[in-house]
Amino acid sequence: MDKLNQFALVHDWLPLIGGAEKVLEAIHQLYGGPIYTLIQHPENLRNSYFEGKPITSSFIQKLPFAKNKYRNYLALFPYAIEQFDLRQHEVIISSSYAVAKGVITNANQLHICYCHSPVRYAWDLYHQYLEEANLQRGIKGMVAKTILHYLRNWDIASVNRVDYFIANSEYIAKRIKKLYRREATVIYPPVDVDKFELCKQKEEFYVTASRMVPYKKIDLIVEAFAQMPDKKLVVIGDGPDFNKIKAKASANIELLGYQPFEVLKSYMQRAKAFVFAAEEDFGIIPVEAQACGTPVIAYNRGGVKETVINLETGVFFQKQKTASIIAAVSEFEKLKLSPLVIRQNAVRFSRLVFMEKFKNFVDSKYTQFRQE
């Protein structure tokens, strides 16, 4: 197959390199081809895999303040994604957590969507998004609700443009089934487990790491450890909630802010356990912690239920409440978990496993497509 002419990749936006972009990178390494995206920040892609790659942006790239305020143009996203002319490509692979799956294709094209999540702020997080943005009332609230209503309708209408869905977890496959009434094959995203070496010697501290935004629930973890003064917690990460979380920290809690990769890895390797309180679609960092042989204390919802084995590679807590976290820490300290077993669990989410499963899926569907 001629990779450059045959394949095209569509991704929602490329302002920074995150978990979804790591998936896009792995797919591009397999199949090549041009990348189409709503907006990109070339300066943020320097020294990354995507530097110098053929990337086409939408007209939103040229709109005022789109560099940092591109989400303000949410109402234009469906229209913008439909303007990409993909007729010269036979296979379209969309990497979608918003509108990428809505590109227009024809009957002579195969469209496979790797779905990180149905667009969350239009569905699951609709009421939470309006509340946090203070858009529950007034003219601005009415406009926001109208836009999200339109986005939901368009999201459902564009489902039929996808021939096959791949979900990044059973959790997301279930949401695809509920919202889209479509089956999805689960292929877990690639985690660079080889970059996180096993460390068997653990020290007397717990660690958590995340961007400090409300749904990550770092404040909840800090509040819980403030009630356990005999246990040390190290918090790594920055974000809009940093000062609010810092104000809740007691003497046994150390906030380090943003740290480079090697520092983050060192803490994750040496920590007694990694604490994770968010409800994530998959959650890469709990897998990275396990790759270090570090157990995970996690909220028992979302993709983490598929990556952590309760009482073998970590402990679950049932509610996003301080008492629930405290009880889980107490339960964890009664266990003796094997760093080697924890590491072995993480390996099944490796980059190599992802690329093999993804290639087998796409190649088989392409062969079937050519035979029809």
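Values quoted throughout were computed directly from the atomic coordinates according to the rules given, and no laboratory measurement underlies them. The model shown is predicted, which means the values in this text are computed figures rather than measured ones. Glycine also receives a Cβ, built like all others from the backbone with ideal geometry; neighbour counts cover every protein chain displayed.
Observations, loosely collected:
- Whole-number percent relative contact order across the stretch 193-347, with pairs defined as alpha carbons under 8 Å at least 6 apart: 26
- Nonlocal amide H pairs with H111, under 5 Å, H built at 1.01 Å: I92, D163, Y164
- On Cα atoms only, tilt of 170-180 relative to the major axis of the chain in degrees: 40
- Evaluated with a Cβ-only charge set (Lys, Arg +1; Asp, Glu -1), the stretch 193-347 carries a dipole of roughly 240 debye about its Cα centre, given to the nearest 20.
- Charge dipole (debye, nearest 20) of the chain; +1 at Cβ of Lys and Arg, -1 at Cβ of Asp and Glu: 640
- Distant-in-sequence amide H partners of Q259 (H built 1.01 Å from N, under 5 Å): G237
- C-alpha long axis of helix 261-270 to longest principal axis of the chain, angle in °: 40
- Rounded to 10°, Cα long-axis angle of helix 351-371 versus longest principal axis of the chain: 20
- Farthest towards the positive end of the charge dipole of the chain, among the residues Y36, S48, N72, is the Cα of N72, using unit charges on the Cβ of Lys, Arg, Asp and Glu.
- Tensor-based shape of the stretch 193-347 (alpha-carbon gyration tensor, a/c under 1.5 rounded, otherwise prolate or oblate): rounded
- Inter-label distance, nm, simple model (7 Å from Cα along the C-beta direction), Q371/Q227: 5.9
- A simple charge model with +1 on the Cβ of Lys and Arg, -1 on the Cβ of Asp and Glu and nothing else charged puts the dipole of the stretch 101-167 at about 200 debye relative to its Cα centre.
- Checking every one of the trypsin sites (Lys or Arg not before Pro) in the stretch 77-120 against DSSP loop status and a limit of 16 other Cβ atoms within 10 Å picks out R87.
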